[in-house]
Structures are given as C-alpha cells and as structure tokens.
1. Can you pull out the residues in the range 32-61 that are over 16 Å from SER114 (Cβ atoms) and among the polar types (S, T, N, Q)?
2. Specify the residue that is surrounded by the fewest Cβ atoms within 10 Å (Cβ to Cβ); the eligible residues are those in the range 51-101 that are closer than 17 Å to VAL130 by Cβ and hydroxyl-bearing (Ser, Thr, Tyr).
3. Do any residues in the range 43-58 that are in a helix (DSSP H, G or I) have Cβ atoms under 7 Å from those of residues that are of a type in the set (Gly, Ala, Ser) and surrounded by 15 or more Cβ atoms within 10 Å (Cβ to Cβ), where the two are at least six apart or on different chains, and which pairs are they?
4. Of everything in the range 92-113 that's touching a helix residue (DSSP H, G or I) at 6+ places or on another chain (Cβ under 9 Å) and among the polar types (S, T, N, Q), which residue is farthest from GLU31 (Cα to Cα)?
5. Could you grab me the full set of residues in the range 102-138 that are outside any helix (DSSP H, G or I) and either modelled with pLDDT under 90 or crowded, with 18+ Cβ neighbours inside 10 Å (or both)?
6. List every residue pair whose Cβ atoms sit under 7 Å apart, with the two residues 6 or more apart in sequence or on different chains, where the first one lies in the range 90-113 and is over 16 Å from ARG53 (Cβ atoms) and in contact (Cβ under 8 Å) with a residue 24 or more places away in the chain and the second, anywhere, is among the hydrophobic types (A, V, I, L, M, F, W, C) and surrounded by fewer than 21 Cβ atoms within 10 Å (Cβ to Cβ).
Amino acid sequence: MFAIDRIPTKDFLVKRRVHQQNIMNVCPWCEREQEKADHLFFKCNFIVGFWRRIFNWWEVGWKMVSGFEEFYSLCFNAKLHGTIKNLWLKAIAASCWSVWLARNEMVFERKVLSMDTLIFHSKMKALLWVRAAFDEIV
C-alpha cells in the first residue's frame with residue numbers, strides 16, 4: 001500500500017474528502033507536521049529515533065531516508081545473508097505494522113505510547129511472526 005501511495009493517513013483521507021470528526025491533520029508523534037505517509041513512517045523525529053533503535057537491535061546501520069523506496073532499498077540491501085536476512089525483513093515488516101497500529105491507537109483511542117513501549121511491541125510482534133513462520137515450516 002505504501003508503494004502505491006494508499007496508506008489511509010489523515011492527509012490521504014482529506015484529499016479524498018473523507019470526513020474526519022474531531023481529528024486534526026497532524027502527525028500523532030510530533031504534532032508539528034501534516035500526517036503524510038512519508039513523514040509518519042520516516043521523517044518524524046520520534047520515528048527516526050524508533051528506526052535507529054530497531055536497526056541497532058540488528059546491528060544494521062541506519063541512515064535517513066526520504067520515503068518508502070529508499071527505506072525498502074536500505075532494508076533489502078542490509079549486509080545480512082540467508083536465514084538472518086529473512087528474519088531481519090520479517091522484523092522490519094513487523095516494525096512497520098507496529099508503527100501503524102500505534103498510530104491508530106493514538107488517533108482513534110487517544111492512547112499515548114512511549115518509545116520503549118513501541119520498541120517492545122515491535123520486537124514482540126517480530127518474534128511472534130518469526131515463530132509463526134517457523135511453525136509452518138516444521
């Protein structure tokens with residue numbers, strides 16, 4: 001969905017004239033910029049800190065990216081091989097999903113998640129996804 005610009009962020013919904021009752025069109029993390037997909041996932045200072053920690057967890061170097069294509073390239077070209085690369089890519093997908101779920105909790109349920117909580121949710125989700133994939137193989 002990201003690659004084809006179909007993430008239903010606030011900005012995306014406003015452009016399509018979807019009524020959003022009492023929801024401001026700002027990033028839930030920094031509350032400074034419009035909530036656009038690139039900002040929400042890659043440019044917000046809070047999320048940049050999140051990605052640094054996820055990449056450090058895997059001992060992979062982080063660098064700033066401007067959007068999905070650069071992020072995908074950075075993740076896919078990480079100097080990891082075989083099973084480790086497979087696990088890494090699952091962890092990245094789980095982290096992206098965790099960011100989106102946390103965003104939804106903040107927007108729709110008014111829950112505020114700390115960086116540590118978001119990191120924990122991402123790691124747990126990654127471990128569960130890896131375990132589910134392993135169970136399918138065995």
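The values are calculated or read from the model by the stated rules, or taken from the named source; none is laboratory data. Remember, predicted model here, so these are calculated numbers, not experimental data. Neighbour counts run over all protein chains shown; Cβ positions are idealised from the backbone, glycine included.
1. Those that are over 16 Å from SER114 (Cβ atoms) and among the polar types (S, T, N, Q): GLN34, ASN56.
2. THR83
3. Matching pairs, first to second residue: ILE54/SER95; ILE54/SER122.
4. Our first condition is that a residue be touching a helix residue (DSSP H, G or I) at 6+ places or on another chain (Cβ under 9 Å); within the range 92-113, this holds for 92-103, 107, 111-113.
Those still in the list that are among the polar types (S, T, N, Q) too: 95, 98.
Numbers: SER95: 21, SER98: 19 Å.
Residue satisfying both the conditions and the ranking: SER95.
5. As a first pass, look at the range 102-138 and keep what is outside any helix (DSSP H, G or I): 109-114, 138.
The answer is GLU109, ARG110, VAL112, LEU113, VAL138.
6. LYS90/TRP129; LYS90/VAL130; LYS90/ALA133; MET106/VAL112; MET106/LEU113; VAL107/ILE23
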